[in-house]
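Report on the structure given below.
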Amino acid sequence: MSIVVGVVTFPGSLDDRDAVRAVRRCGGTAVRLWHADDTLHGVDAVILPGGFSYGDYLRCGAIARFAPVMETIADAARGGMPVLGICNGFQILCEAHLLPGALVRNEHLHFRTRDQRLRIGSVASAWTNAFAPGQEVVIPVKNGEGRYVADAKTLDELEAEDRVIARYVGGNPNGSLRDIAGIRNEAGNVVGLMPHPEHAVEELTGPSVDGQGFFHSLFRHLAGAGAVAAR
Amino acid sequence: MARVVVDVMLKPEILDPQGQAVAGALPRFGVTGVTQVRVGKRIEIDFAGEPDLDQARLIADRLLANPVIETYTVRVEDEAGRARPEPSPAGAAA
């Protein structure tokens, strides 16, 4: 049976359709979820897509955090459901305290769009287990407020607990502390990533197909969980 | 008027590139001697009845400021726009 991934649309979401397309292209079934609807319609996992939810007013993700769907997603995430926040989705996960730290204005103040080389860190997550540790991938990055910050203690903990899932290599596009591009929660089911894997799933439109790895990781994770549950 | 003013500032240790850009523009019109500029937000909240500082603090803490990167102050303002001498938790960060 195909794995069902819910993709949330907030007012101002931009990459929700790309995320839906990426899920389908990688072999999953995608379901659109609406920000004002507090049910998840039985999905196996959730993607919070990129964009500018609620116009990025106040702070990126600050208002989306209080959307009805987010309360349900936060509960599901605490229960182990895989959740991937991409770009604005990562900002929302931080605002919702599902991930530590925050994403602030790029150091150089410029919106930066480019094909970005990343080094995969932790593969102990629902969204990165199909990669090899240290593997280098190319995924587009596009943000104005993508600079990951947290206090030194939090950064040390993230590194000590192997919770950095990707770092920028070949140049840090936004001044992110310790070159952090993505992190995971302790359990590994919640991942936030600033670059956009959904834009790197086919050769015609992407710089690589490396983004597929995040979706294949999810399918592998859920298949494994199913196998364990069936025993 | 029942107005509460919330000031939100980035914590001192958080880089403020916006403030740096402002500071960088000052010499263009002859201003020198400024060592630092930091940019924050001022939010005015009008209550229907008496200003409710507890509600204002809740709003500031849950939504207006992100305690990971920001601090806030909450104060009641009188009609002339002056801060009323009422105790408020300076720099209250959760």
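The values are calculated or read from the model by the stated rules, or taken from the named source; none is laboratory data. What you are looking at is a predicted structure, and each value in this text was computed from that prediction instead of being measured. Every residue, glycine as well, gets a Cβ built from its backbone with ideal geometry; the counts of neighbours run over all protein chains shown. Each accessible area value is taken on the protein alone, full model and side chains, heavy atoms only, with ligands, DNA and RNA left out. Shrake-Rupley method; radii C 1.70, N 1.55, O 1.52, S 1.80 Å.
Being within 27 Å of residue A:73 (Cβ to Cβ), not basic (Lys, Arg) and not in a strand (DSSP E or B) holds for only one residue in A:132, A:181, A:166, A:126, and it is A:126.
Within the range A:102-142, the residues that satisfy the criterion of being at negative phi, within 14 Å of chain B (Cβ to nearest Cβ) and not aromatic (Phe, Trp, Tyr) are A:102, A:103, A:104, A:105, A:106, A:107, A:108, A:110, A:112.
Residues of the range A:91-101 that are closer than 19 Å to residue A:14 by Cα and away from every other protein chain (no Cβ under 11 Å): A:92, A:93. When residues in the range A:130-155 are screened for being of a type in the set (Gly, Ala, Ser) and surrounded by fewer than 16 Cβ atoms within 10 Å (Cβ to Cβ), 3 of them pass.
Look at residue A:174 and say whether it is open to solvent by less than 50 Å² (accessible area, probe 1.4 Å), modelled with pLDDT of 95 or more, within 14 Å of chain B (Cβ to nearest Cβ) and in contact with a strand residue (DSSP E or B) (Cβ under 7 Å, 6 or more places away or on another chain). Judged against the criteria, residue A:174 is a match. Might you let me know whether the range B:37-44 holds any residue that is in contact with a Leu (Cβ under 9 Å, 6 or more places away or on another chain) and assigned to a strand (DSSP E or B)? Scanning the range B:37-44 turns up at least one residue that is in contact with a Leu (Cβ under 9 Å, 6 or more places away or on another chain) and assigned to a strand (DSSP E or B). Being under 27 Å from residue A:62 (Cβ atoms), open to solvent by 10 Å² or more (accessible area, probe 1.4 Å), more than 14 Å from the chain's Cα centre (by Cα) and not β-branched (Val, Ile, Thr) is a description that does not apply to residue A:224. Taking the numbered list (1) open to solvent by less than 70 Å² (accessible area, probe 1.4 Å); (2) assigned to a strand (DSSP E or B); (3) not small (Gly, Ala, Ser) in turn, residue A:115 passes all entries but (1). For residue A:61, the conditions (1) touching an Asp or Glu at 6+ places or on another chain (Cβ under 9 Å); (2) small (Gly, Ala, Ser); (3) away from chain B (no Cβ under 14 Å) are fulfilled apart from (3). The residues in the range B:1-17 that are in contact (Cβ under 8 Å) with a residue 12 or more places away in the chain, open to solvent by 80 Å² or more (accessible area, probe 1.4 Å) and within 10 Å of chain A (Cβ to nearest Cβ) can be counted, and the count is 0. Report whether or not residue A:4 is at pLDDT 95 or above, open to solvent by 10 Å² or more (accessible area, probe 1.4 Å) and under 22 Å from residue B:59 (Cβ atoms). When the stated conditions are applied, residue A:4 does not pass them. For the range A:64-90, filtered to residues that are open to solvent by 10 Å² or more (accessible area, probe 1.4 Å) and within 12 Å of chain B (Cβ to nearest Cβ), the residue that is farthest from residue A:145 (Cα to Cα) is A:66.
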